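First the structure, in the form of structure tokens, and then the observations on it.
The values are calculated or read from the model by the stated rules, or taken from the named source; none is laboratory data. Bear in mind the structure is a predicted one, so any value in this text is a computation, not a measurement. Because the Cβ atoms are built from the backbone with ideal geometry, glycine has one as well, and the counts that use them run over all protein chains shown.
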Amino acid sequence: MSLIVIAIGGNAILNPERGDPKEQQEKIDETCREIAKIVGAGHDVVLTHGNGPQIGNILAMQEECGLVHPQSLDIIGAQTQGMLGYLLQSSLKNMLLGIGIKKEVITVLTQVVVDPSCCSYENPIKPIGFYFPEERAKVMMANGMKMVHDAKGYRRIVLSPMPLKIVEESTIKLLLSMGVLVIAAGGGGIPVVEKNGALIGVEAVVDKDLTGGLLASDIRADILLILTDVENASLDFGTKDQVDLHEITVLQAEKYIKEGHFGKGSMEPKMLAAVKFVRSGGKTVIISSLDKALLALAGTAGTRVIA
Ligand code: ADP
Ligand code: MG
């Protein structure tokens, strides 16, 4: 049996720009039912998750309310870790009990040290949150917010630095050794930098796939299982020449990344995480969809990246 880090997308929990609590609970339950089956098959699981839509919703509440001070992105990241951690922790425990497994499930509020040299707008940036019309965007930009413009309107852009080190790594390992199912590094982790020996939160978001890969390497997981909303990573994605990938080597993955087959900020970070994990000694990365998770582990669905 394997130690598996499962990374689920924020969109798997909530449709973008929607926040219906009933729909959210249904999606969480659906996700946790599948994860419970993986635990039921005898695997040890550490769970991590995205938070894109949830961050977007909190930012929208801040923007629209105007009564309270807006909070910085590290704090909002922590809010989403708590909120999604609670929902996943309770649902997962229920789903496990439902199949006769009594297991502790614990969410670890996780900070991740990021590369401070990354913290400039020349470096990786990520659009987040809702789209705004020009008038409104102008006011936001005058207040110091960085925004980009595309066909749908204006959207806030933030730094997305490389994750270097998971601060709570030893606690996660300790819980794992006690047989606890750990939920960690949600939303890519709360970004912090080290300054004179202290940790200080930064205004950024970290890619959950890259932190998921780091987590998987740290705990020496056998498999990094990235569950998203497509069954496979593909070449020439979205064109008539689309070819779904089944099993590729890291060398092939690197070549396809260079050739630009994977969407920036969507499939590309999953492939980058895959390459890094396998290059650091990990055995297998599987990219697939939630409903195909068990088949993907059995080798009959999804895209595998191996040495
Ligand atoms: P998640 O929330 O799971 O991280 P993302 O939206 O970030 O989800 O990434 C999954 C999306 O990546 C898919 O829905 C698909 O539209 C997009 N994508 C971009 N390039 C590719 C590709 N080459 N193969 C498959 N999907 C791709
Ligand atoms: Mg993503």
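General remarks:
- When residues of the stretch 287-299 are limited to those that are more than 16 Å from ligand 2 (Cβ to nearest atom) and touching a residue at least 12 places away in the same chain (Cβ under 8 Å), the one nearest to Glu30 (Cα to Cα): Asp291
- Meets criteria (touching an Asp or Glu at 6+ places or on another chain (Cβ under 6 Å) and of a type outside the set (Phe, Trp, Tyr)) for Met162: yes
- Residue that is modelled with the lowest pLDDT, among those in the stretch 1-44 that are part of a loop (DSSP other than H, G, I, E, B) and within 12 Å of ligand 1 (Cβ to nearest atom): Pro16
- Condition met for Asn11 (buried (at least 19 other Cβ atoms within 10 Å of the Cβ) and within 15 Å of ligand 2 (Cβ to nearest atom)): no
- Taken together, the residues in the stretch 224-237 that are hydroxyl-bearing (Ser, Thr, Tyr) and either surrounded by 20 or more Cβ atoms within 10 Å (Cβ to Cβ) or more than 8 Å from ligand 1 (Cβ to nearest atom) (or both) amount to 1.
- Number of the exception - Ala60 against (1) closer than 24 Å to Arg136 by Cα; (2) more than 16 Å from ligand 1 (Cβ to nearest atom); (3) in a helix (DSSP H, G or I); (4) without any contact (Cβ under 8 Å) to a residue 60 or more places away in the chain: (4)
- Any hit, the stretch 208-220, residues being of a type in the set (Val, Ile, Thr) and away from ligand 1 (no atom under 15 Å from the Cβ): yes
- Candidate set from the stretch 238-272 (those that are in contact (Cβ under 8 Å) with a residue 60 or more places away in the chain and out of contact with any strand residue (DSSP E or B) (no Cβ under 7 Å at 6 or more places or on another chain)); member that is farthest from ligand 1 (Cβ to nearest atom): Leu272
- Some residue of the stretch 90-102 being surrounded by fewer than 22 Cβ atoms within 10 Å (Cβ to Cβ) and either basic (Lys, Arg) or within 24 Å of Gly201 (Cβ to Cβ) (or both): yes
- Residue within the stretch 179-191 that is farther than 18 Å from Lys208 by Cβ and surrounded by fewer than 20 Cβ atoms within 10 Å (Cβ to Cβ) present: yes
- The criterion of at least 2 residues that are within 16 Å of ligand 2 (Cβ to nearest atom) and modelled with pLDDT of 95 or more is met by the following strands (runs of 3 or more DSSP E) wholly inside the stretch 153-272: 223-228.
- Meets criteria (of a type outside the set (Asp, Glu), in a helix (DSSP H, G or I) and without any contact (Cβ under 8 Å) to a residue 12 or more places away in the chain) for Leu84: no
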